[in-house]
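The values are calculated or read from the model by the stated rules, or taken from the named source; none is laboratory data. Because the structure is predicted, anything quoted here is derived from the model rather than measured. Heads up, the Cβs are rebuilt from the backbone with ideal geometry, glycines too, and the neighbour counts pull from every protein chain shown. Remember, those area values only see protein heavy atoms, side chains included, never the ligands or the DNA or RNA. Shrake-Rupley method; radii C 1.70, N 1.55, O 1.52, S 1.80 Å.
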Amino acid sequence: MLRQPDSVRPGAAGTDPAIRNPSRQEQHTAMGHQGAGKGFTGGQRLVAAGHALVLAVALSACTGGTSSPGTAATPNPAGSGSSRTGQAAPPAPEVLQKLDVGLQLPWSVVFLPDGTAVVSERDSARLVGIRDGRATPIAEVPGVVPGGEGGLLGLAVSPSFVSDRWLYAYLTSETDNRIVRMQLKEDADGPSGLGTPEVIFPGIPKASTHNGGRIRFGPDGMLYVGTGDSQRREQPQDTDALGGKILRLTPEGRPAPGNPFGDNPVYSYGHRNVQGLAWDAEGRLWASEFGPDVDDELNLILPGGNYGWPLVTGAPGRSGLTDAKVVWPSTSEASPSGLEIINGVAYTGALRGQRLWAVPLDGPTAGTPVAYFTGGYGRLRDVARAPNGDLWVLSNNKNPDFALILRSQP
């Protein structure tokens, strides 16, 4: 059975040392580096035991090994040219429209079957609908307790939305991060309110940073969830803990059949703070992830894969660990958040890097990342494909924020 977390204490063992460094706190918290098992309840507590304790001893002498140059794709500083796969750099997306609709710290955008965009606002806990260029408040999601990088985070639309009208949300509560689902009400003008939220998966550890928060339904109809380590460095390597994972759940919140660790929601582990999830045309899952002060990552996710945190970052080629496919050695250029894949190109919004990264994919191989719009629109939080094929990008912390509508070039 999965164990739920003890509360985080300032300076407690297991807290990422970088978070106690004031300069790193400014870079990753103020800059926005955002950041259960079967039948478990909110009253259960995580007890670090067994191999987690052994790991904690090992970690006392380990701060995470960085990747070696050339072992994964790294950014093209010129922003043009060819990738290491031999592909030409993807052409710059065309800006179709900038929607100045007064958003406040938007975190996620999803789309209803009719093309209406639904946006979550982290701190206000509001859902906002956008249709025909106009924004309309839908409702405030109850039970959200914002703080630091926590609040109303990821959204996902049920694959059966036309019949069940379920909207899923990853949110920070008083005690944990959790996943709820709510039925979206609608009138002639579009979404107009919410039904009572149903908690389907509680107990994901929370902290002021490293909360993860991305959720998305996969091609198999299962709900995938990216969590953060919540400053508990013992959790990512413990497959009986929820922090630092990608989870795979049924729409009802149970561990999905076929998961690599049996009746357990964990799909992959060894993550620090997963921010984006997307599938390519062949059904491969990719994820964007924040590194510490080095080595932001784009990972190809394999069931049961160990992605190394906190033992390593990037792509050091260590036996038993899965290397990142793309490594941004300087987090000042990246902090990759939302992720979308269109026409064989992975697009991810950069928060600290204030640009849109485009990564050409060739099967399981990633080419050289190319940056667009550097500094032009500020911090970019989410990237999502609309039903008509357009690419939406949410700004972050512009006060107010906006949505860019782009057209990716074939």
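Residues checked against (1) under 15 Å from the mean Cα position of the chain (by Cα); (2) assigned to a loop (DSSP other than H, G, I, E, B); (3) of a type in the set (D, E, K, R); (4) closer than 18 Å to Pro292 by Cα:
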| site | (1), (2), (3), (4) |
| --- | --- |
| Gly320 | no, yes, no, no |
| Val327 | no, no, no, yes |
| Ser332 | no, no, no, yes |
| Glu340 | yes, no, yes, no |
| Ala346 | yes, no, no, no |
| Ala358 | no, no, no, no |
| Leu361 | no, no, no, no |
| Gly376 | no, yes, no, no |
| Val383 | yes, no, no, no |
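Filter the stretch 69-97 down to residues that are farther than 23 Å from Pro410 by Cβ, surrounded by fewer than 14 Cβ atoms within 10 Å (Cβ to Cβ) and either out of contact with any Pro (no Cβ under 9 Å at 6 or more places or on another chain) or modelled with pLDDT of 95 or more (or both), then give me how many there are.
Residues flagged as farther than 23 Å from Pro410 by Cβ, surrounded by fewer than 14 Cβ atoms within 10 Å (Cβ to Cβ) and either out of contact with any Pro (no Cβ under 9 Å at 6 or more places or on another chain) or modelled with pLDDT of 95 or more (or both) within the stretch 69-97 amount to 2.
Pairs only if they're at least six apart or on different chains, beta carbon under 6 angstrom, first in the stretch 267-282 and modelled with pLDDT of 95 or more and among the acidic types (Asp, Glu), second open to solvent by 10 Å² or more (accessible area, probe 1.4 Å) and assigned to a strand (DSSP E or B); list them, first residue then second.
Asp280/Ile341; Asp280/Leu361
Suppose we filter Gly349, Gly344 for residues that are touching a Pro at 6+ places or on another chain (Cβ under 8 Å), of a type in the set (Gly, Ala, Ser) and surrounded by 21 or more Cβ atoms within 10 Å (Cβ to Cβ); which single one remains?
Gly349
Which one is nearest to Gly154 (Cα to Cα) among residues in the stretch 388-410 that are outside any strand (DSSP E or B) and within 21 Å of the chain's Cα centre (by Cα)?
Per the stated criteria, the residue is Asn396.
Of all residues in the stretch 137-154 being within 14 Å of Leu194 (Cα to Cα) and in contact with a strand residue (DSSP E or B) (Cβ under 8 Å, 6 or more places away or on another chain), which is most open to solvent (accessible area, probe 1.4 Å)?
Looking only at the stretch 137-154, we keep the residues that are within 14 Å of Leu194 (Cα to Cα), and these are 137-143.
Pick out the ones that are also in contact with a strand residue (DSSP E or B) (Cβ under 8 Å, 6 or more places away or on another chain) and you get 137-141, 143.
Working: Pro137: 82, Ile138: 15, Ala139: 29, Glu140: 124, Val141: 3, Gly143: 52 Å².
The residue in question is Glu140.
Out of curiosity, is Thr175 farther than 29 Å from Gln97 by Cβ, open to solvent by 60 Å² or more (accessible area, probe 1.4 Å) and out of contact with any helix residue (DSSP H, G or I) (no Cβ under 8 Å at 6 or more places or on another chain)?
When the stated conditions are applied, Thr175 passes them.
Being over 19 Å from Trp392 (Cβ atoms) and open to solvent by less than 10 Å² (accessible area, probe 1.4 Å) is the filter here, so list the residues in the stretch 354-370 that pass it. Can you show your working first?
So the first thing to find is which residues in the stretch 354-370 are over 19 Å from Trp392 (Cβ atoms), and the list is 360-370.
Result: Pro360, Ala366, Gly367, Pro369, Val370.
For Leu223, work out the one condition from (1) under 24 Å from Ser158 (Cβ atoms); (2) surrounded by fewer than 24 Cβ atoms within 10 Å (Cβ to Cβ); (3) aliphatic (A, V, I, L, M) it doesn't fulfil.
Result: Leu223 passes all but (2).
Testing Ser268 on (1) of a type in the set (S, T, N, Q); (2) open to solvent by less than 10 Å² (accessible area, probe 1.4 Å); (3) assigned to a loop (DSSP other than H, G, I, E, B), one condition comes back false. Which one is that?
With respect to (1) of a type in the set (S, T, N, Q); (2) open to solvent by less than 10 Å² (accessible area, probe 1.4 Å); (3) assigned to a loop (DSSP other than H, G, I, E, B), Ser268 is out only on (3).
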